[in-house]
Amino acid sequence: MTGRTRSEVWDRHAPRYDARTAWLERRLLSHGRTWVGARATGATLEVGVGTGANLAHYGPDVDLTAIDPSARMLEETRRKLSEAGPASRSDRASSPGPELSLVRPVRLLAADVGDLPFEDGSFDSVVATYVLCCVPDVPLALAQIARVLRPGGQLLLADHVRSTAWPLRLGQRLLDVATVPLQGEHFSRRPRTLLAAAGLEVTDSHRRAAGVLEMVRAVTPEGMG
Ligand SMILES: C[S@@+](CC[C@H](N)C(=O)[O-])C[C@H]1O[C@@H](n2cnc3c(N)ncnc32)[C@H](O)[C@@H]1O
């Protein structure tokens, strides 16, 4: 499957993505969003932003740039931002509420995590939720992420990974047989095992739901960059 075809797959999913994942979102995915959102700080890059499901979870002082190769996914994020209202900090202060945390300036760009259009050391934090399961080359993505992080910067990951329970692992391998060729989505990956090779050191991690969901914080060495 070529990069172009993959974008087309996500373009097709975009208009109905939130509705189709609503149940999973409540049962499984939202934990990862709360976890990464509570830890992101400073100049933050979100890779594979999708429909913008993490936006409401970031704190007010996060300066957010977000990328995705799918134009339709970016459109969904833009729509959410415009429905949330003008990007004004005073609005947020006068009307507190979870939806208003969406009211933030966000730089949105069409880009691929395998070829990030940013200078080395540009970000304090990089966030990737449910994205490394569907990129073609995880080591390349991690190398690019490590490159754009400043020394001592943090990568915050949440993803579905191969389970700790063998019957589930078996089911995930069977799923891969269909989902990898159809939409480039992998259920048997575990990106945490590739972080050290990218020069990233794990400082915090945990798993849930028979190990199917994994949250990881990893940092670049202070001397790197
Ligand atoms: C399963 S969705 C997750 C979206 C979002 N991160 C979330 O947590 O809801 C996967 C997203 O990754 C994006 N994606 C796929 N390949 C990518 C790549 N090579 N670089 C960056 N994003 C990619 C897709 O366009 C899609 O928006």
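Scanning region 160-191 for residues that are touching a Lys or Arg at 6+ places or on another chain (Cβ under 8 Å), outside any helix (DSSP H, G or I) and among the charged types (D, E, K, R) yields R162, R189, R190. When the test is whether a residue is surrounded by 13 or more Cβ atoms within 10 Å (Cβ to Cβ), in a helix (DSSP H, G or I) and modelled with pLDDT under 90, L100 passes it. Any idea which residue in region 35-52 is farthest from the ligand (Cβ to nearest atom), counting only those that are within 14 Å of R79 (Cα to Cα) and either modelled with pLDDT under 95 or not aliphatic (A, V, I, L, M) (or both)? So, considering only residues that are within 14 Å of R79 (Cα to Cα) and either modelled with pLDDT under 95 or not aliphatic (A, V, I, L, M) (or both), the one farthest from the ligand (Cβ to nearest atom) is G52. Of the numbered criteria (1) touching a Gly at 6+ places or on another chain (Cβ under 9 Å); (2) over 18 Å from F118 (Cα atoms); (3) within 15 Å of the ligand (Cβ to nearest atom), the one R162 fails is (3).
For region 38-58, the tally of residues that are free of Cβ contacts under 8 Å to residues at least 60 places away in the same chain and closer than 17 Å to M215 by Cβ stands at 3. If the condition is being in a helix (DSSP H, G or I) and β-branched (V, I, T), then region 4-49 contributes T5, V9, T21, T34, V36. When region 141-163 is filtered for residues that are without any contact (Cβ under 8 Å) to a residue 60 or more places away in the chain and under 28 Å from A209 (Cα atoms), the ones remaining, listed by number, are L142, V161, R162, S163. G114 meets the stated requirement of being among the small types (G, A, S), under 16 Å from the mean Cα position of the chain (by Cα) and surrounded by fewer than 21 Cβ atoms within 10 Å (Cβ to Cβ).
The values are calculated or read from the model by the stated rules, or taken from the named source; none is laboratory data. Since the structure is predicted, the reported quantities are computational estimates derived from the model, not experimental observations. Cβ: placed from backbone, ideal geometry, glycine included. Neighbour counts: every protein chain shown.
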